[in-house]
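For reference, the structure is listed below as structure tokens.
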Amino acid sequence: MNLEEALRQITPPDERAGQEAKARWDSIAKPLGSLGLLEEAVIRVAALTGSARVELDRRCATVFCADNGVVAEGVTQTGSEVTAVVAENFTRGDASVCAMARAARCDVIPVDIGVARDLSGEGLVVHKLGYGTGNIARGPAMTREQALDAITFGISLVGELKQKGYRIVATGEMGIGNTTTSSAVTAALLGLPAEEVTGRGAGLTSEGLAHKIKTVERALVVNHPDPNDGVDVLAKVGGFDLAGLAGVFLGGAVYRVPVLIDGFISAAAALVAARICPAVKKAMLASHLSDEPAAALALGALGLRPLITAGMCLGEGTGAVAALPLLDMALAVYREMSTFREIEIDAYQPLS
């Protein structure tokens with residue numbers, strides 16, 4: 001399925017199912033709307049899937065791994081070799097997101113979409129588009145064809161996961177240098193100066209941050225990405241991981257599977273997906289507010305509010321996985337609580 005064919009399959013949310021889910025919340029013997037964003041999340045999932053019977057019992061985190069040529073500019077604290085080490089740790093269950101996923105009953109699915117060396121390991125999905133991208137400070141990250149390949153792969157992956165029984169997908173990534181590419185993508189799409197959307201990533205000094213900002217500025221000048229064309233932005237200043245994740249968000253809308261945005265990097269990918277097709281936002285849930293400075297800007301542009309604000313910026317999908325137990329608790333109330341009618345008391349009325 002190519003991108004145009006996939007986009008034609010995206011339909012509006014099922015308002016009837018969403019209203020049915022809201023009616024269920026309002027019937028439960030508690031103050032109206034008192035679970036806030038947790039209620040909203042269940043309603044959004046109902047509208048997406050077309051059923052007020054929301055089932056999220058089988059879940060996974062797709063962690064897209066790729067290297068970025070911009071690391072050659074000295075914008076990171078560590079070298080590109082770390083990407084491969086951590087990516088293989090995912091296959092052994094020996095990474096932060098793996099530990100959290102075990103607690104959240106979530107499978108971790110690592111994807112090699114462009115790591116700078118060949119990887120191996122149990123459960124690894126390989127769709128390698130190259131051994132790292134080009135250096136965005138000197139030229140484009142990838143060809144348009146590579147960007148489209150990554151996007152359509154992400155879409156198809158969601159379809160395969162749904163066939164296997166997964167009902168919600170958490171997004172994650174691993175790629176040294178990808179906060180730099182995410183900053184460039186966000187600056188391009190939102191029309192903001194580099195200094196407003198660029199943070200310290202995994203840890204930079206003030207001098208290092210200033211250099212990173214200049215690198216993002218140079219990437220935008222050298223490549224002239226078209227803010228009206230999400231694929232062009234990805235190809236010129238993005239990364240293989242971002243392109244694959246953009247496809248996952250689009251796939252969520254195509255196959256009616258909710259997709260949890262992790263932190264700033266996956267939010268940048270979500271911005272790309274929404275620029276390609278605004279209707280894709282129906283499939284997105286914001287898990288947490290990353291400590292990266294542009295995270296709030298990206299979520300605000302998507303019209304989403306995060307479930308968690310905990311100052312996290314680890315990546316790997318840790319924030320998205322952390323939101324799953326909250327959704328479990330929301331669904332426990334949604335499914336199990338007595339209604340006002342059942343306990344024979346007057347229901348709360350909306351405030352006028």
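The values are calculated or read from the model by the stated rules, or taken from the named source; none is laboratory data. Remember, it's a predicted structure, so these values are computed and weren't measured experimentally. Positions of Cβ are generated from backbone atoms using ideal geometry, with glycine treated the same way; all protein chains shown enter the neighbour counts. The protein model used for the area step is the full one, side chains on, heavy atoms only, and it has no ligands, DNA or RNA in it. Shrake-Rupley method; radii C 1.70, N 1.55, O 1.52, S 1.80 Å.
Observations on the structure shown:
- Only residues that are closer than 25 Å to residue 303 by Cβ and open to solvent by less than 70 Å² (accessible area, probe 1.4 Å) were counted across region 187-215, and they come to 11.
- Any hit, region 289-307, residues being touching a strand residue (DSSP E or B) at 6+ places or on another chain (Cβ under 9 Å), open to solvent by 30 Å² or more (accessible area, probe 1.4 Å) and closer than 27 Å to residue 164 by Cβ: yes
- Contacts under 8 angstrom Cβ, first residue in region 179-190 being in contact (Cβ under 8 Å) with a residue 12 or more places away in the chain, partner charged (D, E, K, R) and open to solvent by less than 10 Å² (accessible area, probe 1.4 Å), 6 or more apart: 180/212; 183/212
- Pairs with Cβ under 6 Å, 6+ apart, first in region 256-279 and part of a helix (DSSP H, G or I), second buried (at least 24 other Cβ atoms within 10 Å of the Cβ) and β-branched (Val, Ile, Thr): 266/171; 267/261; 268/185; 268/186; 270/261; 273/280; 274/280
- Any chance residue 315 is in a loop (DSSP other than H, G, I, E, B) and under 29 Å from residue 125 (Cα atoms): yes
- Matching residues, region 216-255, being touching a Pro at 6+ places or on another chain (Cβ under 7 Å), in contact (Cβ under 8 Å) with a residue 60 or more places away in the chain and open to solvent by less than 20 Å² (accessible area, probe 1.4 Å): 223, 235, 237, 252
- Summed over region 82-120, the residues that are in contact (Cβ under 8 Å) with a residue 24 or more places away in the chain and within 13 Å of residue 174 (Cβ to Cβ) give a count of 21.
- Among residues that are free of Cβ contacts under 8 Å to residues at least 40 places away in the same chain and open to solvent by less than 20 Å² (accessible area, probe 1.4 Å), residue 327 is not included.
- For beta carbons closer than 7 Å, sequence separation of 6+ or different chains, a first residue in region 16-29 that is touching a residue at least 24 places away in the same chain (Cβ under 8 Å) and a second that is among the polar types (S, T, N, Q) and open to solvent by less than 10 Å² (accessible area, probe 1.4 Å), there are no qualifying pairs.
- Of the residues making up region 133-146, those that are in a loop (DSSP other than H, G, I, E, B) and either among the polar types (S, T, N, Q) or open to solvent by 50 Å² or more (accessible area, probe 1.4 Å) (or both) number 5.
- Residue match in region 116-132 (condition: under 18 Å from the mean Cα position of the chain (by Cα), more than 18 Å from residue 90 (Cβ to Cβ) and open to solvent by 20 Å² or more (accessible area, probe 1.4 Å)): no
- Pair list, Cβ < 7 Å and 6+ apart or interchain, from region 50-73 residues that are free of Cβ contacts under 8 Å to residues at least 40 places away in the same chain to residues that are of a type in the set (A, V, I, L, M, F, W, C): 51/17; 52/17; 52/21; 52/46
- Residues (surrounded by fewer than 23 Cβ atoms within 10 Å (Cβ to Cβ) and touching a strand residue (DSSP E or B) at 6+ places or on another chain (Cβ under 8 Å)) located in region 59-83: 60
- Residue that is in a loop (DSSP other than H, G, I, E, B) and among the charged types (D, E, K, R), where the choices are 149, 118: 118
- Matching residues, region 280-312, being touching a residue at least 24 places away in the same chain (Cβ under 8 Å), outside any helix (DSSP H, G or I), hydrophobic (A, V, I, L, M, F, W, C) and farther than 16 Å from residue 185 by Cβ: 284, 285, 286, 304, 307, 312
- For the criterion of being touching a residue at least 24 places away in the same chain (Cβ under 8 Å), surrounded by fewer than 20 Cβ atoms within 10 Å (Cβ to Cβ) and of a type outside the set (A, V, I, L, M), residue 165 passes.
- Among (1) open to solvent by 10 Å² or more (accessible area, probe 1.4 Å); (2) over 14 Å from the mean Cα position of the chain (by Cα) - the single one residue 265 does not satisfy: (2)
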